[in-house]
Amino acid sequence: MSFSETEILQKALQKDDGAFAELVEKYQSPVYNLCFRMLGSEVEAEDAAQETFWRAYQALNRYDPNRSFITWLLSIAAHHCIDQQRKRKVPVIEMDEFEDFDIADRSPQPESILVRSQEEDVIAEGLASLSELDRAAIILRYWQDFSEEEIAATLSLTVSAVKSRLHRARLQLAKVLKDQSGRLFVEVEKENYGTPAF
Amino acid sequence: MEHQPFRMWLVDRSNLNEDEEEILRNHLAACTECTALEKDLAVADQFFLNSPPRIPREGFTRRFLVSLPERKQQEQMRQVKIWMIGIFLALAVNFTLIVAASIYTHTTTAWLVNLVVIYGSFLAFLDQSSLVLHTVSLVIPQQVWIPLVIAGVAWGIAGAGLWVWTMRRILFSGATNEA
């Protein structure tokens, strides 16, 4: 942890809202990314990320300075998202996430945007096929580059449990990606040439 | 061909020792299935590692700071409600236990007798209270105790009113020092 971050944390511990705002500014992206990858919806991810920072704000006096702050923060986010997933009875589908595939909208789009959007779909499908804990573990691995020990600390698991979950998740994601890779190529071709015949 | 433990080793390759790595390489040279899995895993790793993280909409921190006072107030209200429910539950449990202990019997007749006894005790308490007031009225002149009683009753009503107003404010507005 950098010196300035320690200072900011000290100020935040003394209920300095400005100092806490600096922490929010600094860590909003990893927290939001974890929430988005866990929940698959921008609205839910925003709510979950805001809730994560609120919970951290309330529990800041229980934070152990010997522990990494980002690990602690992502632990709150991951547990909150897992709870949300378990509470969720019906999967939420956000219509604005499909705007790139609106049938009525045939205006030309840059290929890169389309590819990016399809890749995001594949990522979402892959992650959705995992259990909540497997998903959290693989997100922390791929997007946070966390070690197995850090993932274990974040998700309150043993290192061997994390290894097992990462193992299962990687195999599953490789399978989904393999199944979807053909579709990715065909979609891009269709967009370029108008019909699948080309 | 046997694919285990090679499939497991492929997923956890970084933890293999030199001998295991050598055995795995030899197996991959002869096994197309495991080679395909190795490729799939590498492609998946590359795909996910290259995916950029999602970032929140502009103004995330501002939205958090704007919501902070409301969240604080809601949390205070929640705590006050829990505290009050706790107090009421404790009082209800105590009252129930006292009444139950007083009237617990095996027969309906004895239960009715106990109920009458409790009522009698209440009447006796009122009786004693009026006796005390009567004695006080004899000792203290009427010109003094009548204003004293009126002041006491007024004080009691004001106190009860203040309590009701405070509880209402705490319940509906939250316990906050902010204006």
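Derivation of every value follows stated rules applied to the coordinates shown; laboratory data play no part. Everything quoted here is computed from the prediction, not taken from an experiment. Quick reminder, even Gly has a Cβ in these numbers, built from the backbone with ideal geometry, and neighbours come from all protein chains shown.
Computed values, structure above
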quantity: Cα centroid separation, the stretch A:153-168 to the stretch A:30-75 (Å); calculated: 19 Å
quantity: Relative contact order for chain B, counting Cα pairs under 8 Å that sit 6 or more residues apart, in percent; calculated: 29 percent
quantity: Distance-filtered residues of the stretch A:40-67 - backbone nitrogen under 14 Å, label point 7 angstrom along A:R88 Cα→Cβ; calculated: A:40-49
quantity: Rounded, prolate or oblate (a/c below 1.5 giving rounded, otherwise prolate when a/b exceeds b/c) for the stretch A:1-91 by Cα gyration tensor; calculated: prolate
quantity: Chain B: angle of helix B:32-49 to the longest principal axis, Cα-based, in degrees nearest 10; calculated: 50 degrees
quantity: Mean separation of Cα contacts under 8 Å, 6 or more apart, over the residue count of the stretch A:1-91: relative contact order %; calculated: 28 percent
quantity: Loop-resident sites, the stretch B:49-111, for GluC sites (Glu not before Pro), counting at most 15 other Cβ within 10 Å (DSSP); calculated: B:E58
quantity: Separation in nanometres of the label points that stand 7 Å from Cα toward Cβ, at B:S67 and B:A29; calculated: 5.9 nm
quantity: Per-peptide average of other Cβ atoms within 10 Å, ordering B:85-91, A:26-32 highest first; calculated: A:26-32, B:85-91
